[in-house]
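The values are calculated or read from the model by the stated rules, or taken from the named source; none is laboratory data. Note that the structure is a prediction, hence the values are computed from the model and not measured. Note that we place each Cβ from the backbone using ideal geometry, even for glycine, and neighbour counts take in every protein chain shown. For accessibility, only protein heavy atoms count, side chains too; no ligands or nucleic acids. Shrake-Rupley method; radii C 1.70, N 1.55, O 1.52, S 1.80 Å.
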Amino acid sequence: MAKILEVKYENLADAVVCEVHYETQADLCWYEVAYAQQAEGDAKWFFVQHETQADFKIFKTKYETQADLKIFKVKYPDKAGWRNTSHKLHGQLAK
């Protein structure tokens, strides 16, 4: 499951992410699910409030050059997935 915690400080994150404007610019397209049980793989995310609940912690930046991962939120779950399958974080978000 990809249970994600957005942290306030970069040094607390597993990865720095940048939300890009277009799907074609993204390494990973993600879809937000309503329940933790629906979060599967790296691309279906459920946001949690506490660090102990999280599989992966992210810090959002405005600048692509500072990001470890470029992400794009999709409207439909079947559109979610890796666009760059050779990315170093592939398979690392869901534990």
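Find me the longest stretch of the chain that has none of the exposed chymotrypsin sites (Phe, Trp or Tyr not before Pro), where exposed means in a DSSP loop (not H, G, I, E or B) with at most 15 other Cβ atoms within 10 Å.
Free of exposed loop sites, the longest segment is 64-95.
When a 1.4 Å probe is rolled over the protein heavy atoms, the share of accessible surface on the chain that falls to carbon and sulfur comes to 47 percent.
Here the Debye sum runs over all C-alpha atoms of the chain as equal scatterers in vacuum, and log10 of I(q)/I(0) at q = 0.12, 0.15, 0.22, 0.26 Å⁻¹ comes out as -0.32, -0.51, -1.15, -1.55.
7 Å from Cα along Cα→Cβ at both E64 and T85: what's the point-to-point distance in nm? Label-label distance for E64 and T85, simple model: 2.3 nm. Rounded to the nearest 20, the size of the Cβ-charge dipole of the chain about its Cα centre is 100 debye, with Lys and Arg at +1 and Asp and Glu at -1. Cross-link partners of K75 among aspartates and glutamates, defined as those whose alpha carbon lies under 18 angstrom from its own and excluding same-chain residues fewer than eight positions apart: E19, E23, D27, E32, E40, D42. Probing with 1.4 Å while keeping every protein chain in the model, the per residue accessible area of the chain equals 64 Å².
DSSP beta bridges in the chain, what fraction antiparallel, as a percent rounded to 5? Write down the numbers at each step before the final one.
Working: 2 of 20 bridges.
Close to 10 percent.
Check cross-link reach from K57 to the lysines: straight Cα distance under 21 Å, and skip same-chain residues fewer than eight apart. Candidates past the 8-residue exclusion: K3, K8, K44, K70, K73, K88, K95.
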